[in-house]
Structures are given as structure tokens and as C-alpha cells.
Amino acid sequence: MTETEFAIKLGERIRELRKIKGISQLELAYDMDMSMNTISGIELGKISPKIETLRKIASKLDIEIAELFNFSHTCPKNKITRKKIEEISRELQGFDSEFLALVQNAVSLLIKARNGK
């Protein structure tokens, strides 16, 4: 993976996580004392953020910094599907891990039933 490809993937991942958390670019920029253009540039892969900036982004998104680099968990390109996933994720914010485990099991059962397994 080239440096440019990495920057694009990182930016896409940050955008995905930000949207899942229901945080706007403006809100993230304000909380980090940065311009919205800087946040946009990072998300588009045009700006390579410093590690301290990544730490602040992860903190604002309430995730471990390593999660920013988990490129295997990317949202679908289909906008309607992506929006639904983001909406469901926002609705689940604030629930404890026990409840989330129940939701995950229910989703797994629904997927198995749909796939005929």
C-alpha cells in the first residue's frame, strides 16, 4: 500500500467512525481547535495527521487509537445501507456491553435465518 493509499484509507476510516458516532466535521473541528478544512483534508486523505492529532481524534470518538487503523471494518459503499448502519449504531450508543452482546446475538441469528443456515 502506498503512502497515498494509506492516507485515503485512514481518512475514510476516520469519516466512517465519526459518522457512526453522530459527530459532524464542524463539531470535531471545534472540539480539536482545528479548521473544518483540516478535518475534511484528513478525511479525504489529502492531509496526513500527526500522531497527536490521531490521538485526539480517537479520544473524541471514544475509541482506542488502533481502531483508526482497522481498515477491514469498512462500511458499505451503498449510501442507503451505510446511513442505516450509522443510524442503528447511534441508537445503540450508551447501552452496556451486556445489552450489546444480546443485540449482536440477535443480529447473528437474523443473518443465519436469512441465509438459511
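Laboratory data are not the source of any read-out in this text; all were calculated from the coordinates shown. Just so it is clear, the structure is predicted and the values come from calculations on it, not from any experiment. Don't worry about glycine lacking a Cβ; one is built from the backbone with ideal geometry, like all the others, and counts go over all protein chains shown.
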How high is the relative contact order of the chain, in percent, with contacts defined as C-alpha pairs under 8 Å that are six or more residues apart? 30
Chain lengthening between residue 33 and residue 47 when straightened (0.36 nm per residue, less Cα-Cα): 3.4 nm
Going through the cross-link list 56/84; 21/84; 46/83, which pairs have a Cα-Cα distance over 19 Å in this structure? 56/84; 46/83
nm² value of the averaged projected area, convex hull over the Cα atoms of the range 1-113: 8.1
Structure-based [θ]222 nm, the chain - -39500 (n - 2.57) summed over DSSP H runs of at least 4, per residue, nearest 500: -20000 deg cm²/dmol
Between the modelled labels at residue 110 and residue 1 (7 Å from Cα along Cα→Cβ) the distance in nm is 3.0
